[in-house]
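The values are calculated or read from the model by the stated rules, or taken from the named source; none is laboratory data. The structure displayed is predicted, hence computed values, not measured ones. Ideal geometry is used to build each Cβ from the backbone, glycine not excepted, and the neighbour counts take in all protein chains shown.
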Amino acid sequence: MPGQTPANALPQTHTSFGYRGATNLASKLMMAFLPPGDSAFDINVSVGLLMREGVLSPPPDIIKGLAQCEQLMNTKIEALSWRRSTFTSLLHCIVAGNVVEYIQPDGKLKLYRLDQFVCVRDFTGKVLEIVTAEKLKARGLSQDLRTRTAKKEDEDVILYTRFEYIREGFYAVQQDLDDVTIMPHKVHQGIMPANAIAWELVPGETYGRSHVEANYADLLALDKTSQHLLESGAIAARNLIFVKPNAAGGNLRKRIAEARNGAVLSGNGGQNGDIQPFQFNNANAMQSLNVEKQDLKRDLSVAFLLTNDLRRDAERVTAYELEMLVTEIEQSLGGVYSYLGPEMMGWRLEKLMAIMKSRKELPPIGDGDTEITVTTGLAALGKDAKIKRVRSFFSLLNETPQAFQEEAAGYVKFDTILTPAAAALGFPQSIKSSDEVAKEQAQRQQAEMVSQMAQRAAGPMASAAMQPA
């Protein structure tokens, strides 16, 4: 264990309630950040681009293209197995309050725990510098790095990596192997691939506070109460029989020790006899301890959301259930949930988009033309809200008087309404573009004209055929 030697005695806990609470909270947060079968983010056209174009909303073909990018990124996230790393990262944040995430060139995540990094933030909490320390075996180094160290194969080496924020869109990286510089300080353009995640930041502090730290008093009290209950229960379960030293019968002690349960022995029992059983009689204290333990567990259950899961393990989960789950998280954790979403997922998605664009895995998108919105909190129901708005709009059209429905429909651009709804459902290609609809209408009109011309030409011929010769 880090920071411990074989000579150290590790502390012995008397309850696993804290572990169950931390894993439960991390699981619920992971389900909210990376919901299975759904997307936790939206890709929208930037406000600056809309203002330059002088429009309020992008055209349907742009919405369809951004929805395709969203699907490609979600597929990539599943292929990179971000869920496992996200769960571990959230556990570190809940328990230790801090963790560093590093996105490798292939998009996979690497985590550094609190004792493996140092960082510097400005007053607003923006990360300015991160230095990570990775302990490796010399035989695990690449061939070019093996030549940089004189250590044997079974010895440990430490790889130090420094990430420095220069300015917006620029960062620097430097690497040292023990005391040898293997990558000099070099400035790169783009998003810094490392980020220090904190559970709760205090203005002016570099490292965050953890959820366990906020509930440490209750966790410690629960551990002590559980210890006292276990010790009291062990004492109560202990059975001792006292025999007077001058009791009649020299083998009385031996007969009592060897007797089976329910055996009948001859001896002088009773309060003043030779045999006196020991009985633990402190039930009131144990009852008080048990009541205190239940109160502590109830308070900690609220803090760690140890309630029945509101989100069912099923393919179809109603929006009400998801809303109740997210509301429960936000009410219990305040702004932590809404802070972690953009801070953790927003940075990840921006970096992943940059990696996929550099590998030509996404359609060409101009830098600064799009914005990634992480749907955290009640905004996670944003996609359902789009569908509800479309339904409400069509209900409004249906309530229009019959005499004006056709005229009202002529003022509606249906592609701008149906395309966002289809994209929210995950079917961006199901809606035809305006050009495709216009082409089909032109083909139908042409077919109708040909049919009418054929009928007109066939009319005189039919009349001539019906006349008698």
Filter result (charged (D, E, K, R) and more than 24 Å from Asn98 (Cα to Cα)) within segment 168-222: Asp178, Asp179, Lys186
Inspect all residues belonging to segment 304-326 and state whether any of them is modelled with pLDDT of 85 or more and outside the structural domain of Thr23 (by TED's automatic domain parsing). yes
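Please go through segment 151-161 and pick out each residue that is farther than 26 Å from Leu91 by Cβ and in a strand (DSSP E or B). So that I can check it myself, show each step before the final result.
Initially, segment 151-161 is screened for residues farther than 26 Å from Leu91 by Cβ, giving 151-155, 157.
The answer is Val157, and nothing else.
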Subset of segment 184-238 (residues that are of a type in the set (D, E, K, R), surrounded by 15 or more Cβ atoms within 10 Å (Cβ to Cβ) and not in a helix (DSSP H, G or I)): Glu200, Arg209
